[in-house]
Amino acid sequence: MSSSVVSFLVSCLLSLLLLRLSTLLDPDPSAAVPRVKRVPSLPLRFRHDGAFKILQVADMHFGNGAATRCRDVAPEVGGARCSDLNTTRFLRRVIEAEKPDLIAFTGDNIFGGSAFDAAESLLKAISPAIEYKVPWAAILGNHDQESTMSREELMVFMSLMDYSVSQVNPPGLLVHGFGNYHVSIHGPFGSEFVNTSLLNLYFLDSGDREVVNGIKTYGWIKESQLGWLRATSLELQKNLHPPAFSFFHIPIPEVRGLWYTDFKGQYQEGVACSTVNSGVLDTLTSMGDVKAVFLGHDHLNDFCGNLNGIWFCYGGGFGYHAYGRPHWPRRARVIYTELKKGYKSWEEVESVHTWKLLDDEFFSKIDDQVLWRRGSR
Ligand SMILES: *[C@@H]1O[C@H](CO)[C@@H](O)[C@H](O)[C@H]1NC(C)=O
Ligand SMILES: *[C@@H]1O[C@H](CO)[C@@H](O)[C@H](O)[C@H]1NC(C)=O
């Protein structure tokens, strides 16, 4: 059987599963009618106030829900009564406060080893995005596939969930892994750029684990993925030169060296990357459009540092079942992009900011910084 037939069958099976699970979680009297995926209004676009806000959710590590205990939470802040539901509560809290235009789930969305049923765990983990009808994009980490679904099945499943803009892979191309795709953000309605992408998002699958010369290491981004990335970026920069962001789970080896630079945020644990350097930094540098990369994986790191003019920013751990550090609140990153106000209508991207929100008593906003401004580089 060819691989496209297999993916077709897999997606059919998963649609049925999704149907069963969505009626299970959300009993609806009219559920006898098969329901189709709820799709956000596409293409995604900047708002009428010229802004586009992305919420990065790194490492939710969701398990089974109420029965899954938190890790590394101090008793005096409610550690004893803490479960996956606290992760859900935090996600609702940030969505309500920030009203993001897109949520980027950057892998280890579920912690396979603690999830009896991968599909059910994912539906619960993502549910606040769907409840608030926020478009969302997800990629895989190294733990998502450790339950009942393979990486391909998980990516197909996520691409079929409500309000998801996730895709498995670019159609018609053989690209390594699952979850390599591009999302464009168009100009607002009424602007000159209504049909033009003003911001590009590249999602990449950084794999899970591999063995190199008999030694275990983490996954890395392969040449077929970088080839697709270079070609896509070239195509997207034909007329305009819109800035772009990239999202992947496992950091690249060069991130280690940021220790010796003037990074912003906290660098509290070793960078757990692959021993293989596949030239991701060189590719991103030569493309020219990527201004910032958003990573997950190392929950105790939440810094942004600059390599070759490109920012590499960690999300910082979000999930309560993920390892963390007591008295170091779980956190989320916001990426805020603004267009330039022209004489008559909105123009191209003017600036990119980022900050983090802590799930503490004050809902603290910290480490606000500018990542890019037009005219600088
Ligand atoms: C988890 O949620 C419970 C119930 O809402 C709350 O009492 C507890 O303080 C929370 N724990 C943390 C660490 O936020
Ligand atoms: C955008 O595309 C629509 C539909 O193709 C077209 O009618 C409209 O004139 C275009 N607007 C601009 C500003 O290019």
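Laboratory data are not the source of any read-out in this text; all were calculated from the coordinates shown. Every value quoted in this text rests on a predicted model; they were computed, and no experiment measured them. Cβ coordinates were reconstructed from backbone atoms using ideal geometry, including for glycine residues, and neighbour counts include every protein chain displayed.
Before moving on, here are some points about what is shown:
- For the chain: relative contact order, % (alpha-carbon pairs under 8 angstrom, 6 or more apart): 18
- Shape category assigned to the range 184-295 from the gyration tensor of Cα positions, a/c cut at 1.5: prolate
- Cα gyration tensor shape of the range 79-129, rounded if a/c is under 1.5, else prolate or oblate by comparing a/b with b/c: oblate
- Long pairs among Lys238/Lys356; Lys238/Lys365; Lys238/Lys291, criterion Cα-Cα beyond 28 Å: Lys238/Lys356; Lys238/Lys365
- Charge tally in the Cβ shell below 10 Å around Thr88, where Lys, Arg are +1 and Asp, Glu are -1, Thr88 excluded: +2
- Taking the inverse of the mean 1/r over every pair of distinct Cα atoms in the range 40-373 gives a Kirkwood hydrodynamic radius of 19.9 Å.
- Fraction of beta bridges assigned by DSSP in the range 152-277 that are antiparallel (%, nearest 5): 70
- Span-rule helices in the chain, defined as complete DSSP H runs reaching 18 Å or more along the axis (Cα) with Kyte mean at least 1.6: 3-25
- Protection-proxy order for peptides 100-110, 151-161, 195-205, each taking the mean of Cβ atoms within 10 Å per residue, highest first: 100-110, 151-161, 195-205
- CD proxy at 222 nm, helix term only [per DSSP H run n ≥ 4: -39500 (n - 2.57); per residue of the chain; nearest 500]: -7000 deg cm²/dmol
- Cross-link reach is defined here as a Cα-Cα straight distance under 20 Å, omitting same-chain residues fewer than 8 places apart; for Lys37 the lysines meeting it are Lys124, Lys133.
- Share, in percent, of DSSP beta bridges within the chain that are antiparallel, nearest 5: 60
- Modelled FRET efficiency - R0 30 Å, Val212 with Ser150, Cβ distances, 0.05 increments: 0.85
- The alpha-carbon of Lys264 sits under 16 angstrom from the alpha-carbons of these aspartates and glutamates, leaving out residues fewer than 8 places away in its chain: Asp298, Asp302, Asp367, Asp368.
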